[in-house]
Amino acid sequence: MNTRAVAAQTRLELAMTLRRGESLMVTLAIPVGILVFFGQVNPLTAVKGDPIDFLVPGVLALAVMASAMVSLGIATGFERRYGVLKRLGSTPLSRGGLLAAKTLNVLALEVLQVGAIVGMGLSLGWHTDAARVGVAIGLLLLGTIAFAGIGMFMAGTLRAEANLALANALFLVLMFLGGMAYPLAKLPTALASIARLLPAAALAECLRAVLDSTAFPAGAFAVLLVWTVAAPLAAARWFKWEEA
């Protein structure tokens, strides 16, 4: 992989992201809004303890999914539609390099998201041990790679309109099945079993275990690792620079 090409593309991606002010606001506002709404309305009667302790890890996972899968995937799909990626294909930047640059750009955006979510959580009474934060950051990184791989796979294999529809639909499905604002245990048994094989629930459960100091879910971590490896590999293998 050409590291200079990846670095240059990362700088370009970050500059373009910061220019899309409306997208940036939505990416930040939706997770924070969900945290405030559910934290104040308090519908989580099935959750033991303070609901905010359940919500913050789930909303962090939601933010990763929104940035790495939805925003990244949709933007890349339309770049592909309008020939931007075709021109990049004539440069030293490889498919893997493009995925790496876009993932690094998402990580920079997520720093803002995590700061906003954690700040709001603290103001609502959430607390955690500082020693757990490092592990949580590692999990967020794994989640980012997994969701960026999914977003790039859809962007690189589907037409822009189909990618737009599927990315938004998948976001809603994974938000419902991700255990982000509602416990998986409250879902029907068969649906909960399916949900535990998906990256959203795996990331949310791992984050919650680390930040709340509960038993670490080895099974959920294994699921997250599989998605972290498989999704980027699939994106790098089948990504096409232009629509057929």
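Since every read-out is calculated from the coordinates, none of them should be taken as a lab result. All values reported here derive from a predicted model rather than from experimental measurement. Here the Cβ is made from the backbone with ideal geometry for all residues, glycine too, and neighbour counts use every protein chain on show.
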- [ ] Rounding to the nearest 20 debye, state how big the charge dipole of segment 169-244 is about its Cα centre with +1 on each Lys and Arg Cβ and -1 on each Asp and Glu Cβ.
- [x] 140 debye
Task: Neighbour-count order for R159, R208, fewest beta carbons within 10 angstrom listed first - done: R159, R208
Open item on the list: Using helices alone, I'd like the mean residue ellipticity at 222 nm for the chain: each DSSP H run of four-plus residues gives -39500 (n - 2.57), total over residue count, nearest 500.
Closed with: -24500 deg cm²/dmol
Task: About the Cα centre, charge dipole magnitude for the chain (Lys/Arg +1, Asp/Glu -1 at Cβ), debye - done: 720 debye
Task: the chain: relative contact order as a whole-number percent, Cα under 8 Å and 6+ apart - done: 30 percent
- [ ] Calculate how steeply helix 160-177 sits against the longest principal axis of the alpha-carbon atoms of the chain, using the helix alpha-carbon long axis, and give the answer as 0 to 90 degrees to the nearest 10.
- [x] 20 degrees
- [ ] Note the full-extension length gain between R11 and V133 as 0.36 nm times their separation in residues minus their Cα-Cα distance, in nm to one decimal.
- [x] 41.2 nm
Open item on the list: Between 0 and 90 degrees, rounded to the nearest ten: what's the tilt of helix 21-41 against the longest Cα principal axis of the chain?
Closed with: 10 degrees
Task: Exposure proxy ranking, count of Cβ atoms within 10 Å, fewest first, for R196, R20 - done: R20, R196
- [ ] Would you mind ranking V114, V210 by Cβ crowding within 10 Å, fewest neighbours first?
- [x] V114, V210
TODO: Straight distance only, please: which aspartates and glutamates reach the Cα of K186 with their own Cα at less than 15 Å, same-chain residues fewer than 8 apart left out?
DONE: E205
Open item on the list: How far apart, in nanometres, would the label points at Q40 and R19 be if each is projected 7 angstrom from Cα along the Cα-to-Cβ direction?
Closed with: 3.6 nm
Task: Calculated FRET value between A190 and A215, using beta carbons and R₀ = 35 Å, to 0.05 - done: 0.90
